[in-house]
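The values are calculated or read from the model by the stated rules, or taken from the named source; none is laboratory data. Small disclaimer: the values here were computed from a predicted structure and weren't measured. Neighbour counts run over all protein chains shown; Cβ positions are idealised from the backbone, glycine included.
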Amino acid sequence: MADKHNDGMHVERANDGGGLGHLQDAALTDKALANAALEATVQEHSMGFVQAIKTYRRAAFWSMLISASIIMEGYDVTLLGSFYGYPSFRQKYGEFLNAESGFQISADWQTKFNCLGALANIIGAIGNGWATARWGHRRVLVTSLVALTGFVFISFFAPNLEVLLLGQFLCGIPWGVFATTGPSYAAEVTPLAIRGYLTAYVNLCWCIGQFISAGVLKGLVSNTTEWSYRIPFAIQWIWPLPLLVAALLAPESPWYLVRTNQLEAAKRSLERLSEPDHHVDYDSTIAMMVHTNKLELEERAGVTYWDAFRGTNRRRTEIACMAFLSQITNGGALCYSGSFFFLQTGISADAAYGISLGGTGIAFVGTIISWFYIHRFGRRRIWLVGFACLVVILWTIGFLALPQPQTLELAWAQSLLCIVWLGAYSMSVGPIVYTLVAEIGSTRLRTQTVVLARSTYYIGNIICGGTIQPRLLSPGAWNAKGKTVYEIFLVEFQAKKHKTNFFLFFAGIFLGGAGDANVHLGLLPHV
């Protein structure tokens, strides 16, 4: 995005009479187009953080509003997992296990909720990639918000687990849309200097949603009536209306408009995303977008999921998919369902939900701390250091679970280490993956790359969080408690050992250029 306040170079361009129509027919080798694109690129890369915020604070504002839909997903997704240990919820929907454990949601039902929920997320994410290429981010987001408003009724009034499962499955489809819209929109409307912060902000939105969810559950955990679990479901109706208004008022992504040959509309969108008194050179910016689009068309003409697995795009997609999968294999399936795990260690329900509330607050602060070094250190270094710290914490939890009998002190130590894990995760792997995935894809396939990467995350969640973990933690199944972390290392080892085969398998599921990526394609080791 070019700004005349930062013009490090000027080149002569042909006079187009004030219109942009000539850019559509210009060849990739057109000198005027190439020079204008080069000028815009140099100016964007020379823009500092302060200048970018001053010039594009509107873009930052709209990016933050659209990404706020992730707050709703963060709230909703963690809600049901926390309900598995909720006394009144277990009394209503659970089965009596024994005098010690009381009513419990069986491991089989937890598996159904987790797996079908992740499947719904995949459907929503894949549908979003297809629909956004045709109708843009705003229309798809509006439709998803309206659909979610209706689906929440099913969960709120569910008389049994079967109906609740249906409601949660249907809600999971728009949640998949929200999870992939935020990073893509942020990457397409913001300049390079602030893009990393706003894509990392997506993780902060997750933390905010989880904090609200934990606070609501903590406040109602002592309530023995049905409203202790119905009120948390009802709160989901608060989000759609303001987000719907925001989506209707927000400017469409100029990259989408350029890809669909709506150049004048793209220019108007850029005008709404920047400050008019900063004299932004919109024509140069549009020329850069058109040139980049033509460059990627030269390599691959399509914007389908198949194209994401072809040529250099395959490498981009692989990096994005494995990065998102690391959010599962690093222990997220265990530590993000902390309240149920805390209860299994022997801690009281009130204390367990209090710890969860504190953990989400720490995650919030951790994400903000990550902003101070996200541009100082490389994406790879932050990810590697963070992942190593998470491994050490998980091993410590596992060792503390070995002594028998387990004491209350050991239970508290394991539970508090989960909170330490949340802080370390939110300072490293959590936010940096969103930044990496949003930046790695080519401009034409950015949404598709994010969608495929997020779908990989959901597949990993089906395997770890949906199938294996409920049986490891459930008192009516394997009851492994803290030793669950050893399953995480087994899955992580197998994923790394066979990651080439996994990626090819994943590519098979969804079969049917240089771009402006800010992460080099050699970021991760070759497989």
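Tabulated data for the structure shown
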read-out	value
Residue ID - nearest to P159 (Cα to Cα), chosen from residues in region 105-122 that are in a helix (DSSP H, G or I) and β-branched (V, I, T)	T111
Set H291, H279: member being modelled with pLDDT under 75 and farther than 30 Å from W395 by Cβ	H279
Of residues in region 100-132 being of a type in the set (D, E, K, R) and touching a helix residue (DSSP H, G or I) at 6+ places or on another chain (Cβ under 9 Å), the one surrounded by the fewest Cβ atoms within 10 Å (Cβ to Cβ)	D108
Which listed residue, of F169, F89, is at pLDDT below 90 and either within 26 Å of L452 (Cα to Cα) or more than 22 Å from the chain's Cα centre (by Cα) (or both)	F89
Any chance L97 is surrounded by fewer than 24 Cβ atoms within 10 Å (Cβ to Cβ) and modelled with pLDDT of 85 or more	no
Residue in region 172-193 that is farthest from the chain's Cα centre (by Cα), counting only those that are of a type in the set (A, V, I, L, M, F, W, C), surrounded by 24 or more Cβ atoms within 10 Å (Cβ to Cβ) and under 30 Å from E275 (Cβ atoms)	V189
Subset of region 418-445 [outside any helix (DSSP H, G or I) and farther than 18 Å from G332 by Cα]	G441, S442, T443, R444, L445
Residue identified as within 16 Å of the chain's Cα centre (by Cα) and of a type in the set (A, V, I, L, M) among A120, A158, A147, A131	A120
Pick from region 379-397, criterion surrounded by 14 or more Cβ atoms within 10 Å (Cβ to Cβ) and not hydrophobic (A, V, I, L, M, F, W, C), ranking: modelled with the highest pLDDT	G386
Helices (runs of 4 or more DSSP H) wholly inside region 31-104 that include at least 3 residues being under 30 Å from S284 (Cβ atoms)	31-46, 49-55, 57-67
